[in-house]
Amino acid sequence: MKIGALKERFRGEARVALTPESAGQLQKLGHECLIETGAGMAAGFDDEAYRTAGVTVVEGPTALFDAAEVVIKVREPSDEEAERLREGQTLISFFWPAQNEAMLEKCRAKGASVIAMDMVPRISRAQKMDALSSMANIAGYRAVIEAGNHFGRFFTGQVTAAGKVPPAKVLVIGAGVAGLAAIGTATSLGAVVRAFDVRPEVSEQIESMGAEFLFLDFDDTQDGSESGGYASPSSPEFREKQLECFRAQAAEVDIVITTALIPGRPAPKLWLEDMVALMKPGSVIVDLAAEKGGNCDLTKPDERVVSDNGVIVIGYTDFPSRMATQASLLYATNIRHMLSDLTPEKDGVIVHDMEDDVIRGATVTHRSEITFPPPPPKVKAIAAAKPKKKEKEPTPEEKRALETAAFKAQTTRQVGLLAVGGVLMLLLGQVAPASFMQHFIVFVLACFIGFQVIWKVSHSLHTPLMAVTNAISGIIILGAVLQIGSGSAVVVVLAAISVLIATINIVGGFLVTRRMLAMFQKS
Amino acid sequence: MLSQGFVSAAAIAASVLFILSLGGLSNQEKAKRAVWYGIVGMAVAVGFTALGPGIGGYGWLIPMVLIGAGIGTYLARKVEMTEMPQLVAALHSFVGLAAVFVAWSADLERRRVLAARAADGVMQEFSAFAALVATKAPDELTFLQIEVVLGIFIGAVTFTGSVIAFGKLAGKVDGKPRQLPGGHLLNAGAAVLSLVLAVMYLNGAGFWTLILLALLAFFIGYHLIMGIGGADMPVVVSMLNSYSGWAAAAIGFTLSNDLLIVTGALVGSSGAILSYIMCKAMNRNFVNVILGGFGGSQGPAAEIEGEQVAIDAGGVASALNDADSVIIVPGYGMAVAQAQSAVSDLVRKLRAAGKEVRFGIHPVAGRLPGHMNVLLAEAKVPYDIVLEMDEINDDFASTDVVIVIGSNDIVNPAAQEDPNSPIAGMPVLKVWEAKQVFISKRGQGTGYSGIENPLFYKENSRMFYGDARESLNTLLPLID
């Protein structure tokens, strides 16, 4: 099959769907690759690089549409592009079918199959083609870099000869892929990072990235696994509580990065005007949801706004495109994985298997039919996570009461045991001869010492301990030694055998322990 | 001949040395000295007792000691470190058997003395232990009988139990739990019968009762240990260790020898504590382990979703090359595949590349308490990077790569997440919290407990199939 990558015509779009590297991989699958001239220029790949990789460079979009059987690109197709599609052709790109119904109908009418990269279901197998995640990852990283660009201070706290610098405090709202990437970037720059998300099950991920999870004490929290790992709209009560929490943070934080999106809806307003007013001058807000209306009241898409009190609000919508090389490499790899799933035999023949969960989910038109929305995937996205219950910290009084109670219980138990033991001893003393009792005292004391001593032995030395105690238990040899001088032949023979095997035990046990311990060495 | 005073002084010295020896095992450096305390203590104990008053029989004693020492030295030199569990079990059986013999002898001597008393009332000259028995009052002789019974019973159980444990550990006996029809009723029956025999013996029945008693106890030891599976062996071995100590203490009472009593009690209580520690590590109680099998679960185990994803050496190598921190979790599979030196080479290479490499050891990994530590020490892995579960469990979340080599149940998240799992509540190593987990494993089978391991299906888990040693050897050249 001939796979052709179009040049992006959207204003400011620098990404490209095919890189020389991914072209090499596609050729291994038996495909032939084409590219429109200059398509990779903005992302740092010139036509020459493509030619070296064996890609045919085509002049202009019309020629490419004519030559290619599969057209790949980044942004959703423009009207012109859709017009050029023909029957049987496949288009792979971002598509946003829910928002672009007219375009969907147009592509259907043209008879082309469309695979929407934004519709790849969220299951483990499909992670390698999850372009939304790879773009979100870049957006999260870039959001922090942009914030740093406009922020007048260090991220990390420093104590220098010229004075002390406090660390920047960063608040990340929404811990999806972009949010987590932002957390990771900000923490590695040395900032103090806090994060919030409506899905309590992501608290572990937030903490694993090194941020503090802002816990909201609310009963009606939602289970993200029900909606395929995405957030859904929350109740008004919950929203109130959430805003209250943000308001408390507003005066403290220096940088706010908002990434809250709900699939198929405008972005929720989470950072209100009054919160911006509370922030210190020079603080930065980066709104990654700008394209969908923004999480912040002041956000203007594609613009940098400065509020009355000097807070900078960044509403760029082209973060991935601002890192075009990196974004193209990742996106092209996602596309390449999609195509390798579409080419199961690796023979250059595309099999559009509508039974396959991933392909079915991503296909929005096929054979002149609209196949959107897809049926729910057969495999559930994420195993349902049990909501994490935050254990209530006991107050100092409660703690002390618990400790006292435990201490009392322990005392009662110990005294009880001692009393029972004492009574038993007394009874034993009534029947046993005096000589026995003497030995018995020794026995009980030895048991006590044994208990006390062994608790301290380190775990790693348990095997040597076994070997030593084993050797020492060879003390049974004394019994045999005491009897071996007997006048009875049977006793002498039994004692002799006992001496023999007990000696094997003693010598073997000690030597093997020495061997083991000699091996332990410090680095 | 040394006087009794000398012997007693020696006994005190030896007891103190033994206590110091056990206590000294609290860390690796002191341990090397502690073993010498033990050796000197034993030499003092045996030497002075043998030279004490009224011993004799040196014509037998000296050659037997020499031969035994020869065999012991040979065994200790020859044994592979992976075979340590077997060796320890085998040595326990010797103590058990010796205890049975000594107890039998004690009764034979008692009979001789009684026979002589009954014959003419004239006290003839007895040698060795019989001389001591001859001085005993009737009530003391009754107690001596009780002690003999205890010595025989514990000794005999220890003997066959250890032989079976040895067989299982050495792979000569099937490792699966197996019982005769009747199960624990047979054990209980044998125990009741033993009690009856003991009562008959105390009431003056002949020596045959003691032989039968030993046979019954042999059976109990055999049947009890046959019913316990391979993974519970750490508990079994330390329990048998404890028994061998109690047997020695019982014999000490019989022979009125304080040194035997003290030493036996030390060994007995230390073994008991070790068993307790092992049981705690598996969140099971001692009786449950000894009677075999897992407790019944309260409901169906949680369904596992997802798939096991395999990875090849190249993938593991590139992840390791990118990682800054690595934790290796070894299990019995590493011992079986003899992979410890390959692991050691891997660690050396990773550390040379400036990565932080540590080991996480579960208390019941392997077949003997501390088994993994000894194997790693043999492969020259420094002990200060080998950490136990409690020390390392919180660090998994900040670790880049975890490599699980031949362990299964001890890294099973079901123990914490699924209340219906048969191993629910068992403390496990939380490897799944790491960024990435590689599991080196032969195939897709389940662990000893036969439980599916959800770890293998987690998104950050990759299966590295194949024999552990071969897998690691293909991996080594790819690390830079």
task: Could you work out how far the C-alpha centroid of the stretch B:213-292 sits from that of the stretch A:477-514, in angstrom?
output: 21 Å
- prompt: Leaving out same-chain residues fewer than 8 places away, which lysines sit with a Cα under 21 Å from that of A:K128?
  reply: A:K28, A:K73, A:K346, A:K378, A:K380, B:K435, B:K458
field: Furthest towards positive pole of dipole, A:Y50, B:M278, A:S93, structure part the protein assembly as shown, Cβ charges
entry: B:M278
field: the stretch B:351-383-the stretch B:310-326 distance, computed between alpha-carbon centres (Å)
entry: 20 Å
task: Go through the stretch A:1-108 and name the GluC sites (Glu not before Pro) that are in a DSSP coil and have 16 or fewer other Cβ atoms within 10 Å of their Cβ.
output: A:E59, A:E69, A:E87
task: Mind checking the per residue accessible area of the protein assembly as shown for me, 1.4 Å probe, whole number of Å²?
output: 42 Å²
query: A:K110: accessible area at probe 1.4 Å, nearest 10 Å²?
result: 60 Å²
query: Across the residues of B:251-262, average count of Cβ atoms on other protein chains within 10 Å?
result: 6
field: the protein assembly as shown: translational diffusion in µm²/s, Stokes-Einstein, Kirkwood Rh over Cα pairs, 4 °C, 1.567 mPa s
entry: 38 µm²/s
statement: With 0.36 nm assigned to each residue of separation and the Cα-Cα distance removed, A:E303 to A:N149 gains 54.0 nm
- prompt: What is the helix-to-structure angle for A:489-519, meaning the angle in degrees between its Cα long axis and the longest Cα principal axis of chain A, kept from 0 to 90 and rounded to the nearest 10?
  reply: 40 degrees
task: Using a/c under 1.5 as the rounded threshold, could you call the stretch B:1-78 rounded, prolate or oblate? The axes a ≥ b ≥ c are square roots of the C-alpha gyration tensor eigenvalues, and prolate needs a/b larger than b/c, oblate otherwise.
output: oblate
- prompt: Can you give the convex hull volume of the alpha carbon atoms of the stretch B:81-205 per residue, in Å³?
  reply: 124 Å³
query: Roughly how large, in nm² to one decimal, is the mean projection of the convex hull of the alpha-carbon atoms in the stretch B:188-271?
result: 6.3 nm²
statement: Placing +1 on each Lys and Arg Cβ and -1 on each Asp and Glu Cβ in chain B, then taking the dipole about the Cα centre, the residue among B:A198, B:I361, B:V347 whose Cα reaches farthest towards the positive end is B:A198
- prompt: Roughly how many debye, to the nearest 20, is the charge dipole of chain A about its Cα centre, given +1 on each Lys and Arg Cβ, -1 on each Asp and Glu Cβ, and no other charges?
  reply: 2440 debye
statement: For the stretch A:406-518, shape from the Cα gyration tensor axes a ≥ b ≥ c, cut at a/c of 1.5 then a/b versus b/c, turns out oblate
field: Net charge of Cβ neighbours under 9 Å - reference A:L298; Lys, Arg +1; Asp, Glu -1
entry: -2
R0 of 51 Å, Cβ-Cβ distance A:Q430-A:I497: FRET efficiency to nearest 0.05: 0.85
Under 12 Å from the Cα of A:K280 - aspartates and glutamates, other chains or at least 8 residues apart: A:E252, A:D254, A:D308
Hull shadow area, averaged, the stretch B:363-480 [alpha-carbon convex hull, nm²]: 8.0 nm²
field: Tilt relative to chain A, helix A:462-472 - C-alpha long axis, 0 to 90 degrees, to 10
entry: 10 degrees
- prompt: Residues in the stretch B:365-388 near a label at B:Q416, defined as backbone nitrogen under 18 Å from the 7 Å Cα→Cβ point?
  reply: B:365, B:387-388
- prompt: Given the alpha-carbon gyration tensor of chain A, what are the semi-axes of its equivalent ellipsoid in whole angstrom, ordered largest first, with each equal to the square root of 5 times an eigenvalue?
  reply: 69, 35, 23
query: If you keep only loop residues by DSSP, which chymotrypsin sites (Phe, Trp or Tyr not before Pro) in the stretch A:9-93 have at most 16 other Cβ atoms within 10 Å of their Cβ?
result: A:F10
statement: For the stretch B:313-478 the mean separation of alpha carbon contacts under 8 Å (6+ apart) over residue count, i.e. relative contact order in percent, is 27 percent
message: What is the percent carbon and sulfur in the accessible area of the protein assembly as shown, measuring with a 1.4 Å probe over the protein chains and ignoring ligands?
response: 59 percent
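The values are calculated or read from the model by the stated rules, or taken from the named source; none is laboratory data. Because the structure is a prediction, the values reported are computed rather than measured. Positions of Cβ are generated from backbone atoms using ideal geometry, with glycine treated the same way; all protein chains shown enter the neighbour counts. Only protein heavy atoms, including side chains, enter the accessible area calculation; ligands, DNA and RNA are left aside. Shrake-Rupley method; radii C 1.70, N 1.55, O 1.52, S 1.80 Å.
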